[in-house]
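First up is the structure itself, then whatever we jot down about it.
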Amino acid sequence: MSHENDFKYFYGNEADTYTFYRIPKQLIVDDAFRNLSSDAKLLYGLMLDRMSLSVKNGWFDGFKRVYIYFSMEDVMESLNCSKNKALKSLSELDTDTGIGLIERVKQGQGKPTIIYVKNFINDEITVSDFPKKEVKTPIKGKSGVANLGSLESHKKDTNNTNINNTDMSNTESNLILSVDGMRKDEMDVHAYESLIKDNLEIELLIERAPIDAEALQGIYELVLETVLCRNDDILIGGNRYPMSLVRSKFMKLTSTHVLYVMDCLKSNTTKVRNIRKYLLATLFNAPTTISSYYQAEVNHDLPQYARAK
């Protein structure tokens, strides 16, 4: 029997190499949410994930409540669905038309809609069959939104590829102007710095191996620089790859991949003429080659272990 994909087994702690979205268990097991579609539950998890970026960017309203931006294009791209299905998922979650897990507030004057992601954990939830109405367009400013800055959106009604842990698990916005005087590109840099540090757990790695601090910091800076690169493509290992592909792979790197790259550096016996190119190629290939590398290590050690016994 042939298989289209020959997926590999997990070895050791390799399962930790994945980046996960947080979907509350209650959405899956609680009867209160039994009528909520799987797409709507996934969308709620994606919006929860976007909250971390909002916090890092300081996106709070006048009442210190966190809000996010998640456009229709974001929904369509994230769920890989049509606009009608995206509208349905939003409608299921919305306060006015659905279960109330999100609240959308239109700002008007061409400004993007802001979304409050609701916290249901400590609430008494009794939910009946929620209405199957179409998503309402006008949403009054009932949430007391204040001091949101002059955020303008230039998105059109087409798909747009974002960065989600994602890509950026933590998603790049297409907002043009500034928040509290900070330009969009500056906001992106700060958001990516925090996100990549979290993904790579770079501070923890340095704390555990201070002797490797310089090398670890260099790997972090190379990943950040690559993710922020605005070129259409990039040369890696003698081949040119679309920047979108490279950025996506680098945003999925974790501390396990960093340790793998450090192992490769330490075990390499040939002279590395260009350490930057070597690291770039090793980081790019890490998600693909890490399993084979450690399996080879296991295969090498097993005979010695058997002889020792």
Could you report the accessible area of Ile121 in Å², rounded to 10, computed with a 1.4 Å probe on the protein chains as they sit in the structure?
90
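Over 28 Å between Cα atoms, which of Lys25/Lys111; Lys41/Lys83; Lys111/Lys252; Lys56/Lys252; Lys85/Lys197 qualify? Walk me through the numbers on the way to the answer.
Details: Lys25/Lys111 34 Å; Lys41/Lys83 17 Å; Lys111/Lys252 31 Å; Lys56/Lys252 19 Å; Lys85/Lys197 35 Å.
Going by Cα-Cα distance, Lys25/Lys111; Lys111/Lys252; Lys85/Lys197 fall outside the 28 Å limit.
With the Cα gyration tensor of segment 242-284 in hand, convert its eigenvalues to equivalent ellipsoid semi-axes via √(5λ) and list them largest first in whole Å. Numbers along the way, then the final one.
Working: eigenvalues 86, 38, 5 Å².
Equivalent-ellipsoid dimensions as semi-axes: 21, 14, 5 Å.
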How big is the accessible area of Ile99 in square angstrom, nearest 10, if you roll a 1.4 angstrom probe over the protein chains?
30
Using a 1.4 Å probe on heavy atoms of the protein chains only, the accessible area for Arg276 in Å², nearest 10, reads 110
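Report, to two decimal places, the Cα Rg of segment 20-113 normalised by 2.2 N^0.38 Å (N = number of residues). Could the numbers behind the result be given before it?
Numbers: Rg = 13.5 Å, N = 94, 2.2 N^0.38 = 12.4 Å.
Against the empirical 2.2 N^0.38 Å value, I get 1.09 for segment 20-113.
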Report the local net charge at Glu221: Lys and Arg +1, Asp and Glu -1, summed over other residues whose C-beta lies under 12 Å from its C-beta.
-1
Per residue Cα convex hull volume for segment 40-86, in cubic angstrom?
79
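The values are calculated or read from the model by the stated rules, or taken from the named source; none is laboratory data. From a predicted model like this one, the values you see are computed outputs, not experimental measurements. Heads up, the Cβs are rebuilt from the backbone with ideal geometry, glycines too, and the neighbour counts pull from every protein chain shown. Each accessible area value is taken on the protein alone, full model and side chains, heavy atoms only, with ligands, DNA and RNA left out. Shrake-Rupley method; radii C 1.70, N 1.55, O 1.52, S 1.80 Å.
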